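Here the structure comes first, spelled out in structure tokens, and everything after it is commentary.
The values are calculated or read from the model by the stated rules, or taken from the named source; none is laboratory data. This one's a predicted model, so the numbers in the text were calculated from it and none came from an experiment. Don't worry about glycine lacking a Cβ; one is built from the backbone with ideal geometry, like all the others, and counts go over all protein chains shown. Accessible surface is based on the protein model in full, side chains and every heavy atom, while ligands, DNA and RNA are left aside. Shrake-Rupley method; radii C 1.70, N 1.55, O 1.52, S 1.80 Å.
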Amino acid sequence: MKLMHNILKKIKPHFEKEGALSALYPAYDAFETFLFVPNHTSQSGTHIRDSVDLKRTMVIVIIALLPCLFFGMWNTGYQYHLQLASAGLQSIEDYNFWDHFFFGFWKFMPLVIVSYVVGLSVEFAFAVNRKHQVNEGYLVTGMLIPLTMPIDVPLWMLALSVIFAVVIGKEVFGGTGMNILNPALTARAFIFFAYPTKMSGDKVWVHSADKIDGVSGETALGQLASLVDIDPNDETVISKISEFSSDGAYSLSNSFLGIIPGSVGETSVIAIMIGAAILLFTGVGSFRIMASMFIGGLSMAYVFNLVAPDTNLFMSLDPIHQLCIGSFLFGMVFMATDPVSAAQTNKGKIIYGFLCGVLSVLIRVFNPAYPEGVMVAILFMNVMAPLIDHYVVEANIKKRLKRLKVDE
Amino acid sequence: MDVKISKGADIKLKGSADRVYANVANSKYYAIKPSDFHLLTPKMVVKVGDYVEAGDILFYDKNLEVIKFTSPVSGSVIDIVRGAKRKILEVVIEAETDIKYKQFEIGDLANLNKQQIIDHMLNAGLWPLIRQRPFATIANPMESPKAIFISGFDSSPLAPDNDFIFHGDDYLFQLGLDLITQICDGTTHLNLDGNSNPAKVFRTAKGVQINHVFGPHPAGNVGVQIHHIDPINKGDVVWYLTPQDILTIAKFFKDGRYDASKIIALTGAKVKKPRYYRVIQGTSIAPIVADNTHEGEKRFITGNVLTGERINADGYLGFYDFQISVITEGNYSEFFGWLLPGFHKYSLSRTFFSWLNSKHEYDLDSNNHGEERAYVVTGQYESYMPIDIFPVQLIKAILIEDIELMENLGIYEVDTEDFALCEYACTSKIPVQSIIRRGLDIIKKECS
């Protein structure tokens, strides 16, 4: 510790104004402040400051993501081995818990590493170029991006989407705190529209699904998308519907546990709920957004229940089941709550969250070619958030003006 | 009227003053600091070497010449400290052992009219005690306020306890109130702490409207009280002063001399024996803190840790301060401080494990605990802002210097102290109070 401090002290002059490497000062600074909370003292205003800073806040979000991360790793292995078993190649009993986990671990770690290395390189390049500090925002974005990807996404595609997200999603607006769209969702949207074949269909969600002739590795939403204009008496349809009943592959309990195919981090409701609990307890995540988005989604699903025709299972699916599949909850807990791109006023957050929930379910049900509505719904509401805030603030201004008139 | 506040926080610090008076010899040096008065341009009357009595004029306000600033003690002016652009920072007086007072002819107290009271206060240098909202500057004696507010208690960390200080001052306090109520045609409000049982001197005050304010800090801030009791609109002016100022005014009118003594609390974790002291306005803190602080690097603050001003160990008490705080200077680096569990790191959030380990009192130092960043976290200021405004939006309006937007968002209702808790809690370490001060200065210049 002392040694590290001394080394840093020794090399610091090279990076300061007169030093040979002064252009790289932001990089040095990021490294130093990563290791040590600096010895800065308050220079104006309050003489004491709370212990929390942006690094700490970001670390809390990463800790909240760990249950999803670990479960996602396990599920990646489990789904792959399940597929082998269904193809008759192996029996699922041949694998124990750690086999599933480490299989997923080795498949998923490259995604995490690529995301961080590429993303942070871009961040550092911008910081050095524009002579500002390296911001912590990417610590969370870098973890969120791989968690929203299918496991087999090619690494170069991931790298490209990361670059797009950091440059177009964030840095062109001025960096962390200035962006309009959620950078992690920007990455996902980029890859979704640029390379749709790698982001949809029934062959991408389980490792090597396109090579092994096992059961369909379709997500629950993909499956539902094929059940919107059906003949309820058709036999294949009945077998598909049965997958959503209590002993089917996409049953409520399976969706809740998360042992279904999907993006790495999104499947387990339990893991997401642990993350949500951490965010809410520490005060890092917004309860207003989470609660109102949940209620919004639930209300929309209920409305669909009421008007659903017999031929549309997507609309008549139980509302709770509806929210437990796909990335609704993951988006609700980790994406919609991003404080920079969400609404910023307390009232605005409730409106924003509610509309996120309504639109997520609306888009996924009404556009079967496009089952993952959450991503688009949140991105759309990101754009709308400043407008919501504008009207909330405007109401406060009007109230003040009214008081003035009453007094006169 | 009862006011209940739910937003805010009491930061419990180590080193609150014991309820005893310490005996310490009076300081030899005193200073009046023009920087204590926002936007004041002083015009000097005395020069170095001049002899003054207590109550003799030192300088006046260049923009409003009737506002005079007088010497709190008798002695000779030994220094006029100037800073950048020859701005006057301190007028230092070396005091005599026996203070000689300038005598003022008051006349019959019962027959004083409004203008006579104001004139006497102006001449004796008492007027600067009265400040105004908006802008938190010295009140303009030519204007007439819609109300006067007196916050009977201070809710900030380690604040002195007025119930203790005012023990036995019933007569003087009421006398002061009777005078003050005459200079304002509107109501005079005396706001008391609803969380405790205030001293009899406050409870039995007459001629004023007594309001009880419940809730955590900043319940004692006069700005918060004004907002909930009689809010300021554009064009309104409210005057405010502290209870001890009322005593100073009463003593002046009773005896016809400027007795600038007041009671302050010496507080903070770095103080060996935190106690109350009877001192004179502008005193050097040297005799008070000498031999009474713990080893190590310290920060001396006149005022409280949230809004006070940093001074040296031989610096001078601020004009509006009733407290000296001494805390640890936190200029240390912390290895992975942002990553470790932090069982001992106090935070209003629960991002550190210190919530497992909640203590009665904390020893917080002046470390920033991080670097300044752009705004990321939202909703944080709102939890500590009991005034119905949008704090972050107001700060952003100030940063872009949009005057109309600042007005619309309620800048007339606030002062820097109302944002102190926001600044304390801020994850992005934004210098909130200095931004608010800048906004107020911009508006004030625009108005004049």
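Quick notes on this structure:
- Of all accessible heavy-atom area on chain B, the percent that carbon and sulfur account for (1.4 Å): 48 percent
- Here the gap between residue B:344 and residue B:294, fully extended at 0.36 nm per residue and compared with their Cα-Cα distance, gives a gain of 15.9 nm.
- Measuring how big segment B:380-447 is from its alpha-carbon positions, Rg and Dmax come out at 10.9, 34 Å.
- Selection of trypsin sites (Lys or Arg not before Pro), segment A:72-151, meeting DSSP coil and at most 12 other Cβ within 10 Å: A:131
- Which of B:107, B:145, B:442, positive extreme of dipole for chain B (C-beta unit charges): B:442
- On Cα atoms only, tilt of B:432-447 relative to the major axis of chain B in degrees: 50 degrees
- Backbone geometry of segment B:152-169 corresponds, through the Karplus equation with coefficients 6.51, -1.76 and 1.60 at θ = phi - 60°, to 3J(HN,Hα) couplings of x, 9, 10, 9, 6, x, 6, 5, x, 9, 5, 4, 6, 4, 8, 4, x, 9 Hz, x marking Gly and Pro.
- Each stretch of four or more DSSP H residues adds -39500 (n - 2.57); spread over every residue of chain A, this sum gives -20000 deg cm²/dmol at 222 nm.
- DSSP bridge orientation in the protein assembly as shown - percent antiparallel, rounded to nearest 5: 65 percent
- Folded to 0 to 90 degrees: helix B:170-182 orientation relative to chain B principal axis, Cα: 80 degrees
- For the chain pair B and A, the buried solvent-accessible surface (1.4 Å probe, both sides summed) amounts to about 6000 Å².
- Computed from Cα atoms, the angle from the helix A:346-366 axis to the main principal axis of chain A rounds to 30 degrees.
- Sites residue B:286 and residue B:359, calculated FRET efficiency, Cβ-Cβ separation with R0 41 Å, nearest 0.05: 0.80
- Net lengthening on full extension, residue B:144/residue B:313 (0.36 nm per residue, minus Cα-Cα): 56.8 nm
- In sequence order, segment A:6-21 has phi-based couplings of 5, 4, 4, 4, 5, 8, 4, x, 5, 9, 7, 2, 8, x, 5, 9 Hz under the Karplus curve 6.51 cos²θ - 1.76 cosθ + 1.60, θ = phi - 60°, and Gly or Pro positions carry x.
- Calculated Rg and Dmax of the protein assembly as shown using C-alpha coordinates, Å: 32.6, 110
- Space enclosed by the convex hull of the alpha-carbon atoms of chain B, per residue, Å³: 147 Å³
- For the pair segment B:4-22 and segment A:265-284, the centres of their Cα atoms are 36 angstrom apart.
- Sorted from longest to shortest, the spans of the Cα atoms of segment B:1-95 along the three principal axes equal 50, 37, 32 Å.
- Dipole size of the protein assembly as shown about its Cα centre, with +1 on Lys/Arg Cβ and -1 on Asp/Glu Cβ: approximately 1720 debye, rounded to the nearest 20.
- Leading residue at positive end of dipole, segment B:380-447 (Cβ point charges), from B:428, B:393, B:408: B:428
- Segment A:54-216, relative contact order [Cα under 8 Å, separation at least 6], %: 26 percent
- Positive-end residue of A:185, A:209, A:119, charge dipole of segment A:119-219 with Cβ unit charges: A:119
- Value at 222 nm in deg cm²/dmol, rounded to 500, when DSSP H runs of n ≥ 4 in chain B each add -39,500 (n - 2.57): -6000 deg cm²/dmol
- Å² of accessible area per residue within the protein assembly as shown, as computed with a 1.4 Å probe and no ligands counted: 41 Å²
- Cα centroid separation - segment A:34-83 against segment B:235-287, whole Å: 47 Å
- For segment B:269-279, the Karplus equation 6.51 cos²θ - 1.76 cosθ + 1.60, evaluated at θ = phi - 60°, returns couplings of 5, 8, 8, 5, 10, x, 8, 9, 9, 9, 10 Hz by residue, with Gly and Pro reported as x.
- Prolate/oblate/rounded label for segment B:53-104 (Cα gyration tensor, a/c 1.5): oblate
- Interface burial in segment A:10-43, defined as at least 30 Å² less accessible area with all protein chains than with the chain alone at a 1.4 Å probe, covers A:34, A:35, A:36, A:37, A:38, A:39, A:40, A:41, A:42.
- Global size of segment B:223-307 as Cα Rg and Dmax, reported in angstrom: 17.5, 51
- Considering only chain B, percent of DSSP beta bridges that pair antiparallel, nearest 5: 65 percent
- Centre-to-centre separation between the Cα atoms of segment B:410-432 and those of segment B:62-87: 30 Å.
- Rounded percent of accessible protein surface that carbon and sulfur make up, segment A:47-198, 1.4 Å probe: 71 percent
- 30 Å Cα-Cα threshold exceeded, pairs from B:273/B:429; B:114/B:200; B:12/B:262; A:402/B:200: B:273/B:429; A:402/B:200
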